[in-house]
Amino acid sequence: MRLLRIDAGARTWRYEEPGDDRRLTGGRALIGDILLAEVPPTCDALGDSNKLVIAGGALAGTGVSSAGRLSIGCKSPLTGGIKEANAGGTAAAALARLGLRGLVIEGAAAPDWTVLLVTPDGLRFEDGTAYAGLGNFDLVKRLLGEYRRDYSVISIGQAGEIGLHAATVAVTDMFGRPSRMAARGGVGAVMGSKRVKAILVANGGKQAPSAVDPTAFSEARKRFNQAVLENDRSKNLAKYGTAVTLRGVNVLGGLPTRNFSGGAFEEAETLTGEHMYEVITSRGGEGTPTETCMHGCVIRCSNCYPDESGRELVAPLEYETIALMGSNLGLASLDDVARLNYACNDFGLDTIEVGATLGVMADGGLARFGDAASFLEILDEVPSGSLLGRLAGMGAGVAGTVLGVRRVPVVKNQAIPGYDPRAIKGTGVTYCTCPMGADHTAGLTLAAKVDHHKPNGQVALSRGIQLVRASYDSLGLCIFLMGATGSQPALVLDLLRTFHGAALPDNFLTRWGGEIISAEVTFNRRAGIGPQADRLPEFFSRENLPPYGVVFDVPEGELSATWESLPERL
């Protein structure tokens, strides 16, 4: 599988053959390899030296359930370190069918806004000036109408154009919606810095590689997909979506509430996945409680949330958004959260980062907890690039500094997701030690059968999950597979062995995960992000979290030792 190297300023391109020894390298691992070898760690993240890597995994386009995640990475303008964000949608499979593992966008900024067309014949540079200033939804509607071909679209909204550090990259889903977000770390701002407004990837290509052993691979894929389909966690996700998590997190006292001042929301029941299911099914129309975001996914945890008349309001509506833009803002209405969610999707903003930022802004007196209109008024300022809109889109760390707010929930300047680390301490360890900044996808410990309020064993728990998840991110595998396949690594290894003919040891996933994280930690250290950054803000260890009065008390010495001995390189 080739890489397509694109010089944005010179408007040239070339294919690169990565070599047989890198046949499994994709997603997060490919991002780490390229950044460590080619990007000066101290460079300006929005300058000419940074590179944007867009990559699928080694199983994209093969019919393996949930193997079509697309990783997008660069040096982050938000954290100053390495960043990989990934999204669902159809683009990873489309690239694979064109014989591409991914794209690398490099060089100086293009002279004008550009649209890139990736086709079986190569790459075309198209004038994107007419699309500047459009939100993702109008942009994709116009592009697909004008180019009149079946494309997957990768795009940025206005937030990416003006370089906001919470800017996302959107990927179209099975229905052409640009609502699958590579959301975290400001990857959209880096795409905007190259003056690339959108990338159209032709669907239906026929260059994807075939399995080394087609019969054995077909059997391995059947076992894998069946294990996912029969898993109880998968069934709950299919019915209630990712918001099925909310009730349990609230009971545990870890649900962000009013800028992380509490861990249980008094109106949480109106935000649960179970309640959302009832609303969607009762309203009918365009709403559906279960939907797939990519070809071949048997989990189907996505949804389409309708308004009272049955018209689509947002798709999907997920747990992290509900936590950060619902309870964290004191909002108890899914309709209100959905409207905030849609605005972020359209403008190209991370709902986690912006939800945390709006909470800080409410503490700073610029909005009111429980008043959705006050938050929507702020978001509506984003496309114009006003001072208030820029403040909302630059992240919680900047907002806290400007407004003098002391409770700012960030690690490495990236906002904490929907699990308060005082109540779910293993995930708190992940927030601290993940090279990406606070990121639940790197190592969520919620499903582990431990006392989440106790510090004992949380570092080892987080470390083990982070190693495996680094490999999943590099293979393009959705993290929601973990409930079914996390305890059965052979299901994944059999796919790789039979499709790619790779001779892999049984501990491959943890060993490779260590190599991936080692590259990321090395990049960060060279960028000046040392172990001192692997800490939560002080208020998490000082302020008792209601209702259980817990604090984050994992010893600093244990945190410092998390990555002292990474697995040896393969």
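The values are calculated or read from the model by the stated rules, or taken from the named source; none is laboratory data. Predicted model, so just to flag it, every value in this text is computed and none were measured. Reconstructed Cβ throughout: ideal geometry from the backbone, glycine too, with neighbour counts over all protein chains shown. These area figures cover heavy atoms from the full protein model, side chains too; ligands, DNA and RNA do not enter into them. Shrake-Rupley method; radii C 1.70, N 1.55, O 1.52, S 1.80 Å.
Here are a few things to note about the model shown:
- Considering Gly483, Gly557, the condition of being open to solvent by 30 Å² or more (accessible area, probe 1.4 Å), of a type outside the set (D, E, K, R), within 25 Å of Glu219 (Cα to Cα) and assigned to a helix (DSSP H, G or I) is satisfied by Gly483 alone.
- Subset of the stretch 1-36 (residues that are touching a helix residue (DSSP H, G or I) at 6+ places or on another chain (Cβ under 9 Å) and in a helix (DSSP H, G or I)): Arg22, Gly27, Arg28, Ala29, Leu30, Ile31, Gly32, Asp33, Leu35, Leu36
- Once the stretch 543-554 is narrowed to residues that are assigned to a loop (DSSP other than H, G, I, E, B) and among the hydrophobic types (A, V, I, L, M, F, W, C), the residue that is surrounded by the most Cβ atoms within 10 Å (Cβ to Cβ) is Phe552.
- Taken together, the residues in the stretch 373-400 that are open to solvent by 10 Å² or more (accessible area, probe 1.4 Å) and over 24 Å from the mean Cα position of the chain (by Cα) amount to 8.
- Subset tally (residues that are hydrophobic (A, V, I, L, M, F, W, C) and either under 22 Å from the mean Cα position of the chain (by Cα) or at pLDDT below 95 (or both)) for the stretch 528-558: 3
- Test: residue in the stretch 511-523 that is free of Cβ contacts under 8 Å to residues at least 24 places away in the same chain, out of contact with any helix residue (DSSP H, G or I) (no Cβ under 6 Å at 6 or more places or on another chain) and over 23 Å from Gly263 (Cβ atoms): no
- Residue in the stretch 401-454 that is surrounded by the most Cβ atoms within 10 Å (Cβ to Cβ), counting only those that are closer than 21 Å to Met482 by Cα and among the basic types (Lys, Arg): Lys425
- Residues that are outside any strand (DSSP E or B), under 14 Å from Thr90 (Cβ atoms) and among the aliphatic types (A, V, I, L, M), drawn from the stretch 38-63: Ala60
- Taken as a whole, the condition of being of a type in the set (A, V, I, L, M), out of contact with any His (no Cβ under 8 Å at 6 or more places or on another chain) and open to solvent by 10 Å² or more (accessible area, probe 1.4 Å) applies to Leu36.
- Which listed residue is under 17 Å from Gly296 (Cα atoms), open to solvent by 40 Å² or more (accessible area, probe 1.4 Å) and touching a residue at least 60 places away in the same chain (Cβ under 8 Å), from Arg233, Arg221, Arg258: Arg221
- Test for Gly47: is it farther than 23 Å from Ser518 by Cα, at pLDDT below 95, within 24 Å of the chain's Cα centre (by Cα) and open to solvent by 10 Å² or more (accessible area, probe 1.4 Å): no
- Residue count for the stretch 381-429, restricted to those that are hydrophobic (A, V, I, L, M, F, W, C), outside any helix (DSSP H, G or I) and more than 24 Å from Lys449 (Cβ to Cβ): 7
- All of Val212, Val201 fail the test of being closer than 25 Å to Gly296 by Cα, in a loop (DSSP other than H, G, I, E, B) and in contact with a helix residue (DSSP H, G or I) (Cβ under 7 Å, 6 or more places away or on another chain), apart from Val212.
- Residue within the stretch 198-214 that is surrounded by fewer than 24 Cβ atoms within 10 Å (Cβ to Cβ), at pLDDT 95 or above, over 24 Å from Tyr15 (Cα atoms) and touching a Gly at 6+ places or on another chain (Cβ under 9 Å) present: yes
- Selected residue (criterion: nearest to His452 (Cα to Cα)) from residues of the stretch 237-287 that are of a type in the set (Phe, Trp, Tyr) and not in a loop (DSSP other than H, G, I, E, B): Tyr240
- Taking the stretch 64-181 as the region of interest, the helices (runs of 4 or more DSSP H) fully inside it that hold 2 or more residues being under 30 Å from Ala216 (Cβ atoms) and open to solvent by 10 Å² or more (accessible area, probe 1.4 Å) are 91-97.
- Residues in the stretch 306-322 that are closer than 16 Å to Gly273 by Cα and among the hydroxyl-bearing types (Ser, Thr, Tyr) were compared, and the one that is surrounded by the most Cβ atoms within 10 Å (Cβ to Cβ) is Thr321.
- Residue count, the stretch 330-349 (criterion: touching a Gly at 6+ places or on another chain (Cβ under 6 Å) and either part of a helix (DSSP H, G or I) or surrounded by fewer than 24 Cβ atoms within 10 Å (Cβ to Cβ) (or both)): 4
- Those residues of the stretch 236-255 which are out of contact with any Asp or Glu (no Cβ under 6 Å at 6 or more places or on another chain), among the small types (Gly, Ala, Ser) and open to solvent by less than 40 Å² (accessible area, probe 1.4 Å), in sequence order: Ala238, Gly241, Ala243, Gly253
- With respect to the conditions (1) at pLDDT 95 or above; (2) under 26 Å from Gly89 (Cα atoms), Ile479 falls short on a single one, namely (1).
- Looking across Phe508, Phe540, Phe523, Phe499, one residue alone is within 28 Å of Gly254 (Cα to Cα) and open to solvent by less than 50 Å² (accessible area, probe 1.4 Å). It is Phe540.
- Neighbours by Cβ (under 7 Å, 6+ apart or cross-chain): first from the stretch 264-279, without any contact (Cβ under 8 Å) to a residue 60 or more places away in the chain; second acidic (Asp, Glu) and open to solvent by 10 Å² or more (accessible area, probe 1.4 Å): His275/Glu269
- Selection within the stretch 431-446 - within 19 Å of Ser471 (Cα to Cα) and either of a type in the set (Asp, Glu) or assigned to a loop (DSSP other than H, G, I, E, B) (or both): Cys434, Pro435, Met436, Gly437, Ala438, Asp439, Gly443, Leu444, Thr445
- Test for Val459: is it open to solvent by 10 Å² or more (accessible area, probe 1.4 Å), in contact (Cβ under 8 Å) with a residue 24 or more places away in the chain and in contact with a Pro (Cβ under 9 Å, 6 or more places away or on another chain): yes
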